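Beneath this line is the structure, given in structure tokens, with notes to follow.
The values are calculated or read from the model by the stated rules, or taken from the named source; none is laboratory data. For clarity, every value in this text was computed on a predicted model and none was experimentally measured. Reconstructed Cβ throughout: ideal geometry from the backbone, glycine too, with neighbour counts over all protein chains shown. These accessible areas exclude ligands, DNA and RNA; they are computed on the full protein's heavy atoms, side chains included. Shrake-Rupley method; radii C 1.70, N 1.55, O 1.52, S 1.80 Å.
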Amino acid sequence: IAAGSLIGCATAPKPPPTANVNGLMGPAEFQSLPSQPADHRIAYGKDPSQFADLRIPSTPGRHPVAILIHGGCWKADYASLRDMAPIADALRTEGIATWNVEYRRLPQPGSGWPGTYEDVGRGADYLRQIAQQYQLDLDRVVVVGHSAGGHLAMWVAARKRLPPGSALYAADPLPIRGVVDLAGPGDMATEITVEVGACQSHVVEQFLGGSPVDVPERYAQVSASKMLPLGVPQVLVWGDHDNLRPMWLGKKYAKAATAAGDSVDLVIVPRLGHFEVASPYSPAWPKVRDAIRSLLQSQ
């Protein structure tokens, strides 16, 4: 389809108030944002958590695709793909198809290393199975993730650099145009320093099956910062009032990725916290939307 087909064709409804007592959005407000049902729910594996929601624009032609990956500290009781549904709706009105991926989360059987990463990789690659039926343009795919999902989105962008001996290796991962990381960790060892404030527990070692000293190869094979250069453009979006994943995390990653030769844009949004950057109703949304559109239209 022509680039002009990415222009919005509908207006989203106004949501309820979303600020908590601190003036910043909290998880309850974030998860109460309105959304519409997906067009299709499709299993990419046999586990109950191995599915994704597909939304398709009403405009004709082959549609670019945004793979969406939700956060929630990799915990099943914290979040689900419902968190990214409002963004999925907003992108559909922009002429962009969305593939909102669910995956196994702690403590579900098979979650953590390597299962969660296998799920996200398999979910991304499954677009090849449905592209013809749903008129998806796999030459124009980006990955968008929030919080822990931003970590997974960056890993999707990086996984082509995995060594063949890795448990996570895939011979021909789906190519992507770029990645938009909404306040997600680029390095899992560094995440340990903030995880208690963000996740209320020591989740990283549970998720990866040990400390960076115990299983260094696992940290190296899931952390985008250890797999640089990724070879695709990256946009990091951070609220300057984020008290769950402090902004210095984004700055540290952007500096390392730029030094490695990658194209990295760190977008800092004033007066916003951790959840606003993933809301299509917040002042951050135009910046997120424009980043997605720019990556899809790049060559």
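Here Thr98 does not fit the description of being polar (S, T, N, Q), within 16 Å of Met154 (Cα to Cα) and surrounded by 24 or more Cβ atoms within 10 Å (Cβ to Cβ). Is it the case that region 175-182 has a residue that's modelled with pLDDT under 95 and open to solvent by 20 Å² or more (accessible area, probe 1.4 Å)? No, that holds for no residue.
Against the criterion of being small (Gly, Ala, Ser), under 19 Å from His202 (Cα atoms) and either crowded, with 19+ Cβ neighbours inside 10 Å or out of contact with any His (no Cβ under 7 Å at 6 or more places or on another chain) (or both), Gly112 qualifies.
From the list Ser201, Ser263, Ser282, Ser294, the one residue that fits, being open to solvent by 10 Å² or more (accessible area, probe 1.4 Å), within 25 Å of Pro34 (Cβ to Cβ) and of a type in the set (S, T, N, Q), is Ser282. Scanning region 145-174 for residues that are surrounded by fewer than 19 Cβ atoms within 10 Å (Cβ to Cβ) and of a type in the set (Lys, Arg) yields Lys160, Arg161. Regarding region 31-42, can at least one residue be identified that is farther than 30 Å from Ala220 by Cβ and crowded, with 22+ Cβ neighbours inside 10 Å? Taking every residue of region 31-42 in turn, at least one turns out to be farther than 30 Å from Ala220 by Cβ and crowded, with 22+ Cβ neighbours inside 10 Å.
Met188 passes every criterion in (1) open to solvent by less than 20 Å² (accessible area, probe 1.4 Å); (2) in contact (Cβ under 8 Å) with a residue 60 or more places away in the chain; (3) hydrophobic (A, V, I, L, M, F, W, C) apart from (2). Screening Cys73 against (1) at pLDDT below 95; (2) more than 23 Å from Trp285 (Cβ to Cβ); (3) in contact with a helix residue (DSSP H, G or I) (Cβ under 9 Å, 6 or more places away or on another chain) leaves a single unmet condition, (1). Among the residues making up region 126-152, a single one is among the small types (Gly, Ala, Ser) and over 16 Å from Leu249 (Cα atoms): Ala131. So, Val142, is that one buried (at least 20 other Cβ atoms within 10 Å of the Cβ) and either within 15 Å of the chain's Cα centre (by Cα) or modelled with pLDDT under 95 (or both) or not? Here the answer is yes, as Val142 does meet what is asked.
Is there a residue in region 156-167 that is closer than 18 Å to Lys252 by Cα and in a loop (DSSP other than H, G, I, E, B)? Within region 156-167 (the criterion being closer than 18 Å to Lys252 by Cα and in a loop (DSSP other than H, G, I, E, B)), the answer is no, since none of the residues qualifies. When the residues of region 267-279 are filtered to those that are over 16 Å from the mean Cα position of the chain (by Cα) and of a type outside the set (A, V, I, L, M, F, W, C), the one that is least open to solvent (accessible area, probe 1.4 Å) is Gly273. Looking only at residues in region 39-91 that are among the basic types (Lys, Arg) and touching a residue at least 60 places away in the same chain (Cβ under 8 Å), the one that is nearest to Leu152 (Cα to Cα) is Lys75.
May I ask you to verify whether Gly261 is within 21 Å of Thr116 (Cα to Cα) and outside any helix (DSSP H, G or I)? No: the conditions fail for Gly261.
Taking the criterion of being farther than 17 Å from Trp113 by Cβ, among the charged types (D, E, K, R), in a loop (DSSP other than H, G, I, E, B) and free of Cβ contacts under 8 Å to residues at least 60 places away in the same chain, the residues of region 201-251 that qualify are Asp240, Asp242.
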